[in-house]
Amino acid sequence: MSEFIYGRRSMLEALKANQRKLKKIWVQDGLAGEMVHEILKLAKDRGVLIEWVRQDQLDKRVQGNHQGVVAEGNAVSFYDLDGFLSQLAPHAPALLVALDEIQDPHNVGAILRSAGFFGISGALVLKWRSAPVGETAARVSSGAIEHVPILRITNLAHSILELQKAGFEVIGADMEGEPLGSHHASPRSVLVFGSEGSGLRRLVRERCDKILSISGAGKVSSLNVASTAAIFMYEFCRRK
């Protein structure tokens, strides 16, 4: 399968990572700048066909803000959890995030962007009943999706048991949990974030080793899932 990659940062990171085969790049006539120059140089080095076109031709290909560059390439590759765990060195530290039926691809992309920034080892996403990890999520992630292994699973509650057997402590994010600041992070941790409307599902929540929350000081009672995930990742990475 193929999909469109658009936006300058997303395009640049896709070329740098060199994980996906790009078939062709369309560039808006007259486009210039340092990042555009780097994109064109890497594309030529990779042997990617480049075509200069009018802006309206790019507008017809994608609906988002393409910033003058659009490419067609292979879809994002997904990894297997069992394979990931088997390649993980014994006792090697790792920090994963797991998305429990998050429906908005913008939230998925924002979480993956934070995951790429903090060097998260991998992200678990559900095959069904979840936002697709496709063009929109890739665009919002600003290219981070090219650097974070995406582990596609079918049953998160079952995957939690597998991770626990592999020595991971599984942490659920919920407003009714214990304060995040009081927790001592384990070398191997999984941070689980629930859907925008209903949060963590019952069985997923029950199988978490601990439920943690973010303490606020204002009149707003909660954060959206992408902001919550960024704060959790920061706290866990800071302590390690």
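Checking LEU126, LEU180 one by one, the residue that is in contact (Cβ under 8 Å) with a residue 12 or more places away in the chain and under 25 Å from VAL76 (Cα atoms) is LEU126 and no other. For VAL36, the conditions (1) among the β-branched types (Val, Ile, Thr); (2) at pLDDT 95 or above; (3) under 30 Å from PHE193 (Cα atoms) are fulfilled apart from (3).
Among the residues making up the range 177-236, those that are within 22 Å of the chain's Cα centre (by Cα), charged (D, E, K, R) and under 21 Å from ALA157 (Cα atoms) are ARG188, GLU196, ARG201, ARG205. Residue count for the range 1-27, restricted to those that are farther than 20 Å from GLY109 by Cβ and out of contact with any strand residue (DSSP E or B) (no Cβ under 7 Å at 6 or more places or on another chain): 1.
Of the residues making up the range 131-168, those that are touching a Pro at 6+ places or on another chain (Cβ under 9 Å) and free of Cβ contacts under 8 Å to residues at least 60 places away in the same chain are ALA131, PRO132, VAL133, ALA137, VAL140. Just for the range 205-230: of the residues that are open to solvent by less than 70 Å² (accessible area, probe 1.4 Å), part of a loop (DSSP other than H, G, I, E, B) and under 22 Å from SER186 (Cβ atoms), which one is modelled with the lowest pLDDT? Ranking the qualifying residues of the range 205-230, first place goes to ILE214.
Looking at the range 113-124 only, could you name the residues that are in a helix (DSSP H, G or I) and open to solvent by less than 10 Å² (accessible area, probe 1.4 Å)?
Within the range 113-124, just ALA115 meets the criteria.
The values are calculated or read from the model by the stated rules, or taken from the named source; none is laboratory data. Note that this is a predicted model, so its numbers are computed, not measured. Note: ideal-geometry Cβ built from the backbone for every residue, glycine included; neighbour counts use all protein chains shown. These accessible areas exclude ligands, DNA and RNA; they are computed on the full protein's heavy atoms, side chains included. Shrake-Rupley method; radii C 1.70, N 1.55, O 1.52, S 1.80 Å.
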